[in-house]
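Inspection log for the structure reproduced underneath, given as structure tokens.
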Amino acid sequence: MNTSSLQQSVWVSICGIDDIPRLGSRVVHHQGHAPIAVFRASDDHVFALVDRCPHQGGPLSAGLVHGHAVTCPLHSWTVCLEDGQAQAPDVGCVRKVDVKVEAGRVFLGLPGGS
């Protein structure tokens, strides 16, 4: 049984929306988990994905944000920020992390403590 799926997420404030540049990202480290890349699109939508390209593990946070997608800096795979799916012709997926913005603060839905 995978006990991690039984953990409830808690909303954790990570920064203000203005701390993430438009068409840029910020990396969040959460104890015991892979780094999370938090992206801000030009329309101020905010997305969060595990900071690892599904192709060869490149840091998506160092990629080029365009629309609601990011292009990996290593091999130019493009990943949809909305669902983490690689765009055709490539195939793969990176885990999406719940994110919300309230009153100018960015929150991630992270696994709660024990």
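The values are calculated or read from the model by the stated rules, or taken from the named source; none is laboratory data. The shown structure was predicted, so the numbers you read here are calculated from the model rather than taken from an experiment. A quick note on method: Cβ atoms are made from the backbone with ideal geometry, for glycine too, and the neighbour counts reach across all protein chains shown. For the accessible areas, the whole protein counts, side chains as well, though only heavy atoms, and no ligand, DNA or RNA atoms are used. Shrake-Rupley method; radii C 1.70, N 1.55, O 1.52, S 1.80 Å.
Table for the structure above
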{"read-out": "Given (1) open to solvent by 50 Å² or more (accessible area, probe 1.4 Å); (2) closer than 16 Å to G109 by Cα, index of the condition S42 fails", "value": "(2)"}
{"read-out": "Extreme residue, farthest from R40 (Cα to Cα), among residues of segment 56-82 that are touching a Gly at 6+ places or on another chain (Cβ under 6 Å), open to solvent by 20 Å² or more (accessible area, probe 1.4 Å) and assigned to a loop (DSSP other than H, G, I, E, B)", "value": "L74"}
{"read-out": "Count of residues meeting criterion [part of a strand (DSSP E or B) and of a type in the set (G, A, S)] in segment 83-98", "value": "1"}
{"read-out": "Residues of segment 83-98 satisfying the condition of being under 24 Å from H29 (Cβ atoms) and loosely packed, with under 12 Cβ neighbours inside 10 Å", "value": "D98"}
{"read-out": "Cross-chain or 6+ apart pairs with Cβ under 7 Å, segment 22-43 first and touching a residue at least 24 places away in the same chain (Cβ under 8 Å) and among the hydroxyl-bearing types (S, T, Y), then part of a strand (DSSP E or B) and surrounded by 19 or more Cβ atoms within 10 Å (Cβ to Cβ)", "value": "S25/A37; S25/V38; S25/F39; S25/V65"}
{"read-out": "Residues of segment 91-114 classified as within 26 Å of C72 (Cβ to Cβ), more than 12 Å from the chain's Cα centre (by Cα) and among the acidic types (D, E), total", "value": "0"}
{"read-out": "Residue count for segment 60-107, restricted to those that are touching a His at 6+ places or on another chain (Cβ under 8 Å) and of a type in the set (A, V, I, L, M, F, W, C)", "value": "6"}
{"read-out": "Matching option when the condition is crowded, with 20+ Cβ neighbours inside 10 Å and outside any loop (DSSP other than H, G, I, E, B), among V101, V106, V27", "value": "V106"}
